[in-house]
């Protein structure tokens, strides 16, 4: 059987700089090949080269789809291929859909451009497609605009439009990044079904655990070239290249607490951190057992929505309490209540044994440095006019400690003069962590701190948080939708859904023997390396 | 290309500033000196821009008028933006009822064409340079206020303000250190764009005889004086008009250039 897609020695360059070089692979019908690598590794550019969408200079010994030579094909020929023979699923489902048009119209586009159906038949086909990709109530959804749909439904709509013409090749670029775990599992199941029905799938992701479920063949890319390729089982069981090994090691799911995810020097014996942040004061044993943070029957309502419903927990010094839940579960509202950015309707929070909510802000201000926070979007939490140095000096109350602070989060003191937007996502999050620990807090509230990072960068940040916890005696409230991450990071865990706690307890007890159906579903949906 | 435009604007503005601060350097003659024998001379080497009905040198008068026109432009913009800051901050930071009230008030002002609003003010307080400056400032304020308000609303909800709260910063500290500077960044560009607009408006008022009064060398007043002779002696209106245009275009070029820079630093 000849391959549907054949790529030999593909190279793409923008200007003088080669972005991708020497990429070769074949793709058969009903086969899934995955390209794995971190941002900037050239994986998306490789995928777009198949669509003739890269721009820049594309050269290849062979770049063939079925009988068409892509490097040679006319624009018109490529336009006919795209949407009809090759479907493309891009990452940002919100930006891939026109915000002003009903999604049904968007899906009908490829039918209109490439097919010969009447308007009525097209509409029927759109409803049929939406049903196929698992959108409930297709007739209603087809008439809604993207902003009326959830992230998962939007991504399903994008997939519906990509498979509208029953393409023989589907290119999926990070199709599940930024989606909830159970939604991700649904999308992956959908892709698997399409594959079984005969579509060839080229899957792009930074997450090995995600692709390992679907792909029979892996290409690991780094710095624009393929460092390793082979059948999935072989690559995972016996990785040859150090980069592949680091990617495998970076997956937090199923890894014990404090087990390192990166191969860097372990921070033990910890004090990689000289003077600036004093070691946590040694607490008498009695205090050791006291809760640094406790929430008692917290409730918060927004209109008719009960965002947080009767949530209680306690956090001990040096421990991590994980909160796992999907979007809309109320976990971010809970974080805001704990940070006293939001006042509870009832219930209260106490910090270091003293009341924290229910008092005036002026009574809280002096104790604010005791509790810090890091967020999912680190960049927007920095004043855009400030340099890294100024941000840290401001948090620290003086410029003197800035270099040491930067070093303690694994950054070079040289970047103090730069602005956060010129840093990579991982560096931005490190700066955010440095700012959070600058006032020497007891507690850090981490709200989805790694969910917008590549798995390999995520591993570095998680390791850093581990190191800091041990060297500074920090307590973490660690919030994430990613059960694998929470399980790796937490001593105790709270599973939240629709504002209330469905299950709680020591992490291994909860996840080892889940009692609640929802927890079981979450665990089943979490991608794992085989 | 953009940089060429920006620097052209900067050069033109620099020239206008020199003319405004030290008009004697550029045009040493007296702008009010009359030479009845030399009236209505066409532009020549002796009189670059020609002379008017009293034989006054138009080049000298245009240069000496720069100060008045720029001053009116700048102070009118300052008044406009100053008022707008008060309204914009009140609306953006105040309680909801205050926002509602301020916004409705601004909408009422908006319903009037700006120039009409200025005329209304002059009708009440009488013509003159001072009143026309304040009038132009008043007329432009609602536009600025709206922009400031929307900018304040964006910045006050920015995650970095929340991060400052978490660090234990008080309300005033957040206002001074984060909110105002980030609002001001976009305001600076507006200011440059506004000055040109204000000069045109102030000139319009002088042209109508409601601002600077002859024989003062002010561009709008000169335009007005030349209007009678428009068909026979074009230079009397052309050159003051040209300078109004140059100043408006120069400030716009500089404003746009700065806008590009702040957007893509």
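The residue of region B:167-183 that is nearest to the other protein chains (Cβ to nearest Cβ), among those that are in contact with a helix residue (DSSP H, G or I) (Cβ under 7 Å, 6 or more places away or on another chain), modelled with pLDDT of 90 or more and assigned to a helix (DSSP H, G or I), is B:178. A single member of B:205, B:193 is part of a helix (DSSP H, G or I), at pLDDT below 90, out of contact with any strand residue (DSSP E or B) (no Cβ under 6 Å at 6 or more places or on another chain) and surrounded by fewer than 24 Cβ atoms within 10 Å (Cβ to Cβ), and it is B:193. How many of the residues in region A:345-366 are within 8 Å of chain B (Cβ to nearest Cβ) and assigned to a loop (DSSP other than H, G, I, E, B)? The qualifying residues number 1.
Annotation note: of A:454, A:447, A:442, A:482, the sole residue that is more than 30 Å from residue A:309 (Cα to Cα) and at pLDDT below 95 is A:454. Residues that are in a loop (DSSP other than H, G, I, E, B) and within 19 Å of the chain's Cα centre (by Cα) occur at least once in region A:203-210.
Take residue A:306 and tell me if it is farther than 25 Å from residue A:484 by Cα and either assigned to a helix (DSSP H, G or I) or within 14 Å of chain B (Cβ to nearest Cβ) (or both). Let's see the steps before the verdict.
On the way: farther than 25 Å from residue A:484 by Cα: yes; either assigned to a helix (DSSP H, G or I) or within 14 Å of chain B (Cβ to nearest Cβ) (or both): no.
Taking the combined requirement at face value, the residue does not satisfy it.
Name the single residue, out of those in region A:377-395 being surrounded by 22 or more Cβ atoms within 10 Å (Cβ to Cβ) and within 10 Å of chain B (Cβ to nearest Cβ), that is nearest to residue A:432 (Cα to Cα). Applying the filter and picking the extreme gives A:378. Regarding residue B:58, is this residue touching a strand residue (DSSP E or B) at 6+ places or on another chain (Cβ under 7 Å) and either crowded, with 22+ Cβ neighbours inside 10 Å or under 18 Å from residue B:128 (Cβ atoms) (or both)? In short, yes.
Apart from one condition, residue A:162 fits all of (1) closer than 24 Å to residue A:31 by Cα; (2) in contact with a helix residue (DSSP H, G or I) (Cβ under 7 Å, 6 or more places away or on another chain); the exception is (2).
Taking the stated definitions as given, is residue A:438 out of contact with any helix residue (DSSP H, G or I) (no Cβ under 8 Å at 6 or more places or on another chain) and either buried (at least 19 other Cβ atoms within 10 Å of the Cβ) or more than 13 Å from chain B (Cβ to nearest Cβ) (or both)? No, not satisfied.
Can you pull out the residues in region B:149-163 that are more than 8 Å from every other protein chain (Cβ to nearest Cβ), without any contact (Cβ under 8 Å) to a residue 60 or more places away in the chain and not in a loop (DSSP other than H, G, I, E, B)?
Within region B:149-163, the subset more than 8 Å from every other protein chain (Cβ to nearest Cβ) is B:149-157, B:161.
Remaining after also requiring without any contact (Cβ under 8 Å) to a residue 60 or more places away in the chain: B:150, B:154-155, B:157, B:161.
Scanning region B:149-163 gives B:150, B:154, B:155, B:161.
Just to be sure before I move on: is residue B:252 part of a helix (DSSP H, G or I), without any contact (Cβ under 8 Å) to a residue 40 or more places away in the chain and touching a helix residue (DSSP H, G or I) at 6+ places or on another chain (Cβ under 6 Å) in the structure I sent? No; evaluated as a whole, the condition is false for this residue.
One residue stands out among those in region A:72-89 that are part of a loop (DSSP other than H, G, I, E, B) and surrounded by 15 or more Cβ atoms within 10 Å (Cβ to Cβ): the one that is modelled with the highest pLDDT, which is A:85.
Highlighted here are the helices (runs of 4 or more DSSP H) found entirely within region B:17-130 that include at least 3 residues which are touching a helix residue (DSSP H, G or I) at 6+ places or on another chain (Cβ under 6 Å) and more than 21 Å from residue B:241 (Cα to Cα): B:58-93, B:96-111, B:114-125.
The set of residues in region A:323-341 that are crowded, with 18+ Cβ neighbours inside 10 Å, outside any helix (DSSP H, G or I) and within 14 Å of chain B (Cβ to nearest Cβ) comprises A:339, A:340.
Can residue A:457 be described as part of a helix (DSSP H, G or I) and out of contact with any strand residue (DSSP E or B) (no Cβ under 6 Å at 6 or more places or on another chain)?
yes
The values are calculated or read from the model by the stated rules, or taken from the named source; none is laboratory data. Not measured: the values here are computed from a predicted model. Positions of Cβ are backbone-derived with ideal geometry, glycine not excepted, and every protein chain shown enters the neighbour counts.
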